[in-house]
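Inspection log for the structure reproduced underneath, given as structure tokens.
Derivation of every value follows stated rules applied to the coordinates shown; laboratory data play no part. Only a predicted model underlies this, so the values are computations on that prediction, with no experimental measurement involved. Cβ atoms come from the backbone with ideal geometry, glycine included; neighbour counts cover every protein chain shown.
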Amino acid sequence: MKKKSVFKKFIYSQKAAPYVFIAPFIITFLVFFAYSIVSMIIMSFQKVAGPNTAFVGFDNYKIVKNAVFIKSLKNSIFYTIVSCMLMIPIPMVLAVMLNSKHMRAKATFRSVLFIPALTSIVVAGVVFRLMFGELDNSFMNQVLGLFGKEPLIWLRKPATAWTAMFFLCLWRWTGVNMMYYLSGLQQIPGDLYESASIDGATFMQQLRYITIPLLKPTTIYVLTISIFGGMAMFSESYILFNGNKSPNNIGTTLVGFLYRLGLEQNNLGIASAIGVIFLLIVLGINFIQLRINGTMGKGGDK
Amino acid sequence: MKKLVAGTLASVMVLGTALSVSAAEDASTQGKNTFVEGATEMDFWTFQELHVAFWTTMADVWNEQNPDRAINLTVTSGESQPMHSKLLIACQSGDGAPDMADVEIGYYGSFLKDGYLLPINEAVEPYKDDIVLSRVSMYGDTEGNYYGVDFHLGETVTYYNMDIMNEAGVDPAEIVTWDDYAEAGRKVLEATGKPMFAVETNDLFLPQAMLLEKGGQYVDEEGNPNLVTQEHADVIDFIRGLLNEGVCEIAPGGGVHKEEWYGHLNSGDVASVTMPLWYMGRFTDYCSDLKGKIAIYPIPVWNEGDVRAVLQGGTGTSVIKGTENEQLAKDFLAFAKLSKEGCTYEWDVLGFDPIRTELWEDPAITENKDNKFLSFFTTNPFDVLKANGTDIIAPNIAGAYSAVYGSLVSTTYANAFEISVDQDAMELLQSEQDSVIY
Amino acid sequence: MTKKSRIISVCLVLFFLVITVITLLPLALLAVSSLRPGSDLMRYGLNFSVDWANANLNEYKMLFSGANPYFTWYRNSLIVTVVQVALALFLSACVGYGFAMYDFKGKNIAFICVLLVMMVPTEVILLPLYRLIVNMKLINTMWGIILPYLVVPMLIFFFRQYLSGIPKDFLDAARVDGCSEYGIFVKIMMPLMKPSFAAMGIYQGMQSWNNFLWPMIVTNDINKITLPVGLQSLISPYGNNYDILIAGSCFAIIPILILFICFQRYFIEGMTAGGVKG
């Protein structure tokens, strides 16, 4: 009894309290995150086959020379770069326009643009897959028909398939990114613009010298989430191509390849090696960002 | 106002939940047979909901005939890919695996190569003379052991749209070789402007059938990838030639299980398709406009007199290593899949061509006017089975087949027929083989 | 001047009307298609050419007939969402509070760990995590879906940020009054955090409701999967069930849409919370 109360007293002490508070995180971190990373690294040096598991050195890392690996890596990088190029300027411009004092019914438009973000990727992906179907009467082909163009086989040719992917990406995330920019814009003091226009600055000059520089924190944040979202992209491709097999791997991403090897072909060793490579890439990007921005890039860390 | 909104919202949620409770009981994807007191409990995993009823029904029949060896079977159905992964992991850790499971052909090699399945030769022995044995032995190894039994024969046939055939003045009964087929295709193209057939870029049925007819395989006898063969290159060149002429097209959607394709097929925009007999179900399900217009004939061959029977696709049901009821599981498996009762059920309900040959001759089955498959097609599929006999070629699915399959359906045929159409076939196959991870 | 600004106004509004139409178009297509039989979709493609005379609610009738597990998935999703949101909010609030209000040994290292989890996409550790869940025998259970995401770094971050605005003297005053450390959190802090709970609840709710990849991997029993996974399972290599897929997709958006219309402010706050409050 006495022992228990000592323990209780300790738990209730101001010294122990913070540890109790952060315990849920520490436990899940150790059990799920740290354990997984460690076991992934170990598996990446093994041929995993039940009781016959054996260490094979760096054999699994020979995958970097595999054509499909290189393709999926390229795909992931390409998707990331283009989606950043689209998902930063477009929402920014829309936010500036929406924020304009000439604009009416701001709240309504803002909400409407946000609606796509509410839909599940499965629903969005299915609609887009059917919209970009290759039948003459599929919606996008009808649209092309209005302009007198021939119907396209959208999802089986690289250029058009990527177009569909980026449409999907734009559709789902423009509203959210615009929202980030809107709240960024609200933090820019209005008198800055007033004094600028008194000084005779045109709208474009204001944009260039006030708006864009002052939106930098927002841009960094949006860039960060776009990079990580882009590198980890998988579900979009999975749904759009109706499974993890796009024609000639046009839509196979790094995660898709990892998924295919690990879960579909039971090649856990090689899949883990891909995971480790992926981890290194992600940490590398973080490191570069850290150097460039001097912060962790993710909001609150100051 | 706010309260009103919240109230509405709450009732929507409650309604949803209430509905869900009532619906939950109906969703019968975990099936059990009629409970028998004191029977042996067994677990079964499948990835196809339709198979659940088959297994529970067969367990009931088994219990009736073998009261001293009764089974209480619990069949769990899940999505294909996760089920196979879960099964593999359970096999690897030696814990949590069911007694038996349905394993799809594309995954079979992975299970076979690490020895997670039990041979069933003895259990199959009593049925041996009544069935097409090559359908069973294909789920086997080089030592003559076999491990799985399929639901169907998977005999590959050619389905012809007779409206188009008549318009072009072609009689499919006279088509014997692929050259005849190509010639007929040219007539069809000229008369109707429609392609004779389509090739898939995301699956392998047509090239695989052609390759098997030539005596080729995707993996060699040791199970290593074997994509780079002259036979394979010839198949690709043959199809490429017809693609150039317009006699062949790329299947809309890239495959014959895509919605674009079903629409295309159902509208009568393509003259024929070569697929296994289990594809009949796709006609009845998705192509209702074609009822009474489709005729089934044996597939063409390369040279007159060649074997016209090729098996494709499928699911090998197997007994998993580690089961406590080895013998019972094997016997039940063989009974369910190979007995008359089992094969009849498979044909009647699932539309699967029977492995058991006596059914081909049974008028109660072959002449059954109420059968939705027989009444859909203008020719009788059993005539094809009878004509082709039991000397049938099956693909070698051992070793690297799973890995090779992954490349074939994602890159190889897409490259061969759509993307790198000018690249030399042998060269292309070599670079494809290099990217296979095995 | 006023004339010019009026013109700008009209142009802007027109421009946004166009954007609105484009934004709503896919959803409108979905809604319209749910009134047609699934076989139509296959044959004629997804478009607006609807034969209104034949439009009907059969798809929805099929959905509600109970002959398919749709509402089982719906219920699973609801349960997962509610449990996950409740637990994630409470636990992440605890952790955020711990970081914001105390100075303790190892705080920096622990915080770096939070950052690490935030930086590494879960997709990276998919396979080992999956094996772990298998070994824990949590496959096909709600806990398998929820446990790895129990404490959400993003929420920790947000709560830490939110609480750092509260002066620490406040705590000392409560301590003097004889309140225990945990009492302070439950009785004083949690009520103070209510607005942030709303925003984060919405944020987490959306994540849970729409989560796809992880639930797809850890569940395979058709009675245990969540709605997005269930919808995806209708599109199989061996036949697509568009009837239920399209109507079911529409019906999956509705609850979230209602919530959004009612609690817009919190949605937007929740979604943008991570962004600019740095």
Within 10 Å of the Cβ of an average residue in B:413-419, the count of other chain Cβ atoms is 3
For B:G216, list long-range residues whose amide hydrogen, built 1.01 Å from N in the peptide plane, is under 5 Å from its own amide hydrogen. none
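Mean residue ellipticity at 222 nm from the helices of chain A, using -39,500 (n - 2.57) per DSSP H segment of n ≥ 4 over the full residue count, to the nearest 500 deg cm²/dmol? Intermediate results must be reported in sequence, preceding the final value.
Values: 15 runs with 188 residues, N = 302.
Result for chain A, helices only: -19500 deg cm²/dmol.
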Which Cα, out of C:I133, C:M189, C:M118, lies furthest along the positive dipole direction of segment C:83-221 (beta carbon charges, K/R +1, D/E -1)? C:I133
The protein assembly as shown: antiparallel DSSP beta bridges as a percent of all, rounded to 5: 65 percent
Per-residue Cβ contact counts at 10 Å, fewest first, order C:V117, C:V186 as C:V186, C:V117
If amide H atoms are built 1.01 Å from N in the plane of the peptide, which residues on other chains or at least 5 residues away come under 5 Å of the amide H of B:F352? B:W347
Using label points projected 7 Å from each Cα along Cα→Cβ, tell me how many nm separate B:K291 and B:A173, to one decimal. 2.6 nm
Per 5 angstrom bin, beginning at 0 and ending with the bin that holds the maximum distance, the Cα pairs of segment B:134-247 fall in percents of 2, 10, 16, 18, 18, 13, 9, 7, 4, 2, 0
Can you give the angle from 0 to 90° between the axis of helix B:425-435 and the longest principal axis of chain B, with both taken from C-alpha atoms, to the nearest 10? 30 degrees
Spin-label proximity, A:Y193 to segment C:1-35 - amide N less than 20 Å from point 7 Å beyond Cα toward beta carbon: C:1-17
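Taking the highest mean first, how do the peptides B:95-104, B:279-288 order by number of other beta carbon atoms within 10 angstrom per residue?
On the way: B:95-104: 22.4, B:279-288: 19.3.
Highest-to-lowest ranking by the protection proxy: B:95-104, B:279-288.
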So, with +1 on the Cβ of K and R and -1 on the Cβ of D and E, and no other charges, what is the size of the charge dipole of chain B about its Cα centre, to the nearest 20 debye? 1400 debye
Amide H neighbours of B:V157 under 5 Å, at least 5 residues apart or on other chains, H built in the peptide plane: list them. B:M275, B:L277
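Neighbouring Cβ atoms within 10 Å as the yardstick, rank B:M165, B:M196 fewest first.
Working: B:M165 24, B:M196 29.
Ranking B:M165, B:M196 by Cβ neighbours within 10 Å, fewest first, gives B:M165, B:M196.
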Rank these for me by crowding, A:Y35, B:Y108, going from fewest to most other beta carbons within 10 Å. A:Y35, B:Y108
How much mean residue ellipticity at 222 nm does chain B get from its helices, if each DSSP H run of length 4 or more adds -39500 (n - 2.57) and you divide by all residues, to the nearest 500 deg cm²/dmol? -12500 deg cm²/dmol
In percent, what relative contact order does segment C:121-264 have, based on Cα pairs under 8 Å that are 6 or more apart in sequence? 27 percent
For peptide A:247-254, how many partner chain Cβ atoms fall within 10 Å of a residue's Cβ, on average? 5
Evaluate 2.2 N^0.38 Å with N set to the residue count of chain A, then give the Cα radius of gyration divided by it. 1.29
Taking R0 as 35 Å and r as the Cβ-Cβ distance between B:E358 and B:S267, the FRET efficiency 1/(1 + (r/R0)^6), rounded to the nearest 0.05, comes to 0.35
Given axes a ≥ b ≥ c from the Cα gyration tensor, I'd like to know whether segment C:1-85 is rounded (a/c under 1.5), prolate (a/b larger than b/c) or oblate. oblate
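Rounded to the nearest 0.05, what FRET efficiency do A:F78 and B:E37 give with R0 = 51 Å and r taken as the Cβ-Cβ distance? Could you check?
Numbers: r = 63 Å, r/R0 = 1.24.
Once rounded, the FRET efficiency stands at 0.20.
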For helix C:70-101, what angle does its Cα long axis make with the longest principal axis of chain C, in degrees from 0 to 90 and rounded to 10? 20 degrees
Over the alpha carbons of segment B:45-93, what is the largest minus smallest coordinate on each principal axis, giving the biggest first in Å? 35, 25, 10
Using a Gaussian network for chain A with springs between C-alpha atoms less than 10 Å apart, which of these wobbles most: A:N75, A:N244, A:N52? A:N52
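Taking all pairs of different Cα atoms in the protein assembly as shown, averaging 1/r and flipping that mean, what Kirkwood radius in angstroms comes out? Numbers along the way, then the final one.
Details: mean 1/r = 0.0322 Å⁻¹.
Every distinct Cα pair counted, the radius reaches 31.0 Å.
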Whole-number D in µm²/s for segment C:110-250 (Stokes-Einstein; Kirkwood sum over Cα pairs; 4 °C, 1.567 mPa s): 71 µm²/s
Can you give me the relative contact order of chain A as a percent, contacts being Cα pairs under 8 Å and 6 or more apart? 26 percent
When the Karplus curve 6.51 cos²θ - 1.76 cosθ + 1.60 is applied with θ = phi - 60°, which whole-Hz ³J(HN,Hα) does each residue of segment B:280-286 get, with x for Gly and Pro? 3, x, 5, 5, 5, 7, 10
Would you look at the GNM of chain C, springs on alpha carbons closer than 10 Å, and say which of C:V229, C:V134, C:V95 moves the most? C:V134
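Once you sort the root eigenvalues of the Cα gyration tensor of segment A:32-76 as a ≥ b ≥ c, which label holds: rounded (a/c under 1.5), prolate (a/b larger than b/c) or oblate (the other case)?
Details: a/c = 2.75, a/b = 1.43, b/c = 1.92.
Oblate shape, in that a/c is at least 1.5 and b/c is the bigger or equal ratio.
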Relative to the Cα centre, what is the charge dipole magnitude of segment A:105-171, using +1 at the beta carbon of each Lys and Arg, -1 at the beta carbon of each Asp and Glu, and rounding to the nearest 20 debye? 260 debye
Pick out the long, greasy-scoring helices in chain A: whole DSSP H runs spanning 27 Å or more along their own axis by Cα, mean Kyte-Doolittle at least -0.5. A:67-87, A:158-186, A:268-293
If contacts are Cα pairs under 8 angstrom and at least 6 residues apart, what is the relative contact order of chain B in percent? 23 percent
Between A:K216 and A:Q186, Cβ-based FRET efficiency (R0 22 Å, step 0.05) works out to 0.90
With a ≥ b ≥ c taken as the square roots of the eigenvalues of the C-alpha gyration tensor of segment B:316-432, please select rounded if a/c is under 1.5 and otherwise prolate if a/b is larger than b/c or oblate if it is not? oblate
Tell me which of B:G216, B:L265, B:F35 sits at the most positive position along the dipole axis of chain B, charges placed on C-beta atoms (Lys, Arg +1; Asp, Glu -1). B:F35
Between C:N108 and B:T284, what is the spin-label point distance in nm, taking each point 7 Å from the Cα along the Cα→C-beta axis? 7.2 nm
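Let's see if you can work this out: charge +1 on each Lys and Arg Cβ, -1 on each Asp and Glu Cβ, no other charges. What is the dipole magnitude of the protein assembly as shown about its Cα centre, in debye to the nearest 20? Show your work: numbers first, answer last.
Numbers: 72 positive and 91 negative charges, 1644 e Å.
Dipole magnitude for the protein assembly as shown comes out near 7900 debye.
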Could you give each residue of segment A:233-245 its phi-based ³J(HN,Hα) in whole Hz, using Karplus coefficients 6.51, -1.76, 1.60 with θ = phi - 60°, and x for Gly or Pro? 4, 8, 4, 4, 5, 4, 6, 4, 9, 6, x, 8, 9
Working from Cα positions, state the angle (0 to 90°, nearest 10) between the long axis of helix C:264-276 and the longest principal axis of chain C. 60 degrees
From zero up to wherever the largest Cα-Cα distance of chain C sits, split into 5 Å bins and tell me the percent of pairs in each. 1, 5, 9, 12, 13, 13, 12, 11, 8, 7, 5, 3, 2, 1, 0, 0
For labels at B:D348 and C:L192 in the simple 7 Å Cα→Cβ model, what's the distance in nm? 7.3 nm
